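Only one structure is covered here, and it is reproduced in the block below.
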Amino acid sequence: MRLKYLFSIALPIMLASVASAQIFNLYPASGAVNTPTKSVTLLNIETPFRCQTDDIRNQKIITSVKVEKDDFKLRLANTLDELPRYEVNGYSFEEMPLDEALQQLVEEAKIEVFTDDETYVTLNAKDIYGELSVVIDELTRAGETYYKYDAKQKGLYLSRRANFELKLPNNRVLMLGVLDALRGAGIENITPNWNTGILSLLLTREEEERIQELVTQIMKDGQLLVADTQVYALTSFNTNGNWDKIIQSFGADKIHSSNNGLMGKLLSMDHQTSSKKLMQYIRQYYQVTPISQGMAVVPNGWKMRFDINRCANAAYAQSQISVLLYPHLKKNGRIDTQVTIDSTSGELSTFKVNTAIDDELAVIGIPDQNNVGVELLTIMNLKLLRLVGGK
């Protein structure tokens, strides 16, 4: 007899685990034929939130978001029936797939194992002792698998993925930051509820661990960087634009730093009146065409990507240019950040800059990959989103 009916709780066991992950692509391709079916396919409720910046522009430099006790807790979405109270006495097996090992384990309890996947990790175990629920939990964890038990049908159901819910503070800017960080970590099978602040996720064990890591980091640090981002196409009135004259007219003393990349430069300067004046001087030498604007939001120490085509006008709907941010916020309000202009054909340029909250960054001199003689101008105004509440 491997199983003995149990009235007391036994000790857990420890097994090694095997990790696996799967990456999904959430975003549909742009520019498809606008048939009724395609129109529904291309609908993305997130886009209107991401592609407007008025809310951020009208907020203070530092915005605080209150965190409630139930926020940032990752929970299984489905309630599980309790397994019957049995004790496992010296169960051993060698080179056996997880589903077969579990079926052999619960056979005496007249429980049937059902599977959602074709194959499962092969495991070894020797002389396992403990409560049945603890043993099954450790075995499935070692096999990178989830289980749920149906007491009425006496069925144990195995799957490599499980449905989870992550409750966030009901703040859309914060939700964008968490979504971007999760996608940057390769987790894209996410459905946000913008009314309740709940993210519904279908996760593997490895993805669950990544989310727990992100949640721990956010709660420990409590800061997210918001980059109010605008992208313009610049067409010179002459053969070449003259950035020397633009900066001289604007005032070189207003530029905090000028950082070189593989191509172009990144200028750091004050926000508000300085940025408006800079654009006025640019228009003396270039025809300026707005092509995209939106919010790039990223937790401190994480990476995010702002795809220009996600919020672009029709002419740039197929653009494959992205702006990548990788910030590290300091205690004195300074920010060490890496800004990368990327494309599907490779990285165009990367800049590292030390700047401050509410500074403005301007990336100049990046050629438009699809239009000869056209430059891209990317301007980012930096703000801080801070979590408050509890500890």
Checked the range 375-391 for anything open to solvent by 20 Å² or more (accessible area, probe 1.4 Å) and either aliphatic (A, V, I, L, M) or over 22 Å from K303 (Cβ atoms) (or both); matches are E375, L387, V388, G389, G390, K391
Taking the range 127-145 and keeping residues of a type outside the set (D, E, K, R), closer than 17 Å to I111 by Cα and in contact (Cβ under 8 Å) with a residue 60 or more places away in the chain leaves L132, V134, V135, L139
Residue set F306, F250; condition open to solvent by less than 40 Å² (accessible area, probe 1.4 Å), under 17 Å from T350 (Cβ atoms) and among the aromatic types (F, W, Y); output residue F306
### Query
Scanning for something open to solvent by less than 60 Å² (accessible area, probe 1.4 Å), within 25 Å of P48 (Cβ to Cβ) and either among the basic types (K, R) or part of a helix (DSSP H, G or I) (or both), does the range 318-340 turn up at least one residue?
no
If we ask which residues in the range 129-154 are open to solvent by 30 Å² or more (accessible area, probe 1.4 Å) and either in a helix (DSSP H, G or I) or among the acidic types (D, E) (or both), their number turns out to be 6
Given the conditions (1) free of Cβ contacts under 8 Å to residues at least 40 places away in the same chain; (2) surrounded by 15 or more Cβ atoms within 10 Å (Cβ to Cβ); (3) assigned to a strand (DSSP E or B), every one holds for L158 apart from (1)
Being in a helix (DSSP H, G or I), open to solvent by less than 50 Å² (accessible area, probe 1.4 Å), closer than 22 Å to F306 by Cβ and of a type in the set (A, V, I, L, M) narrows L266, L225, L214, L234 down to just L214
**Item:** Check on A317, touching a residue at least 24 places away in the same chain (Cβ under 8 Å), in contact with a Gly (Cβ under 8 Å, 6 or more places away or on another chain) and more than 25 Å from F250 (Cβ to Cβ)
**Value:** yes
Cβ pairs under 8 Å, 6+ apart or interchain, first in the range 175-198 and open to solvent by less than 10 Å² (accessible area, probe 1.4 Å), second of a type in the set (D, E) and modelled with pLDDT under 90, ordered by first then second residue, are L176/E46; L179/E46; L182/E188
Q. Can K277 be described as at pLDDT below 85, open to solvent by 70 Å² or more (accessible area, probe 1.4 Å) and at negative phi?
A. yes
> Taking Q153, is it more than 30 Å from V226 (Cα to Cα), modelled with pLDDT of 95 or more and polar (S, T, N, Q)?
Replying inline: no
Of the residues in the range 293-303 that are open to solvent by less than 10 Å² (accessible area, probe 1.4 Å) and of a type outside the set (A, V, I, L, M, F, W, C), the one that is farthest from D221 (Cα to Cα) is G294
Note on G197: of the conditions (1) modelled with pLDDT under 90; (2) closer than 21 Å to T63 by Cβ; (3) small (G, A, S), unmet is (1)
By residue number, the members of the range 91-132 that are within 19 Å of K148 (Cβ to Cβ) and of a type in the set (A, V, I, L, M) are L98, A101, L102, L105, V106, A109, I111, V113, V121, L132
Of the residues in the range 78-98, those that are more than 11 Å from E131 (Cα to Cα) and polar (S, T, N, Q) come to N78, T79, S92
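The values are calculated or read from the model by the stated rules, or taken from the named source; none is laboratory data. In this text, all values refer to a predicted model and were calculated from it rather than measured experimentally. Cβ coordinates were reconstructed from backbone atoms using ideal geometry, including for glycine residues, and neighbour counts include every protein chain displayed. Surface areas here come from the heavy atoms of the whole protein model, side chains and all, with no ligands, DNA or RNA. Shrake-Rupley method; radii C 1.70, N 1.55, O 1.52, S 1.80 Å.
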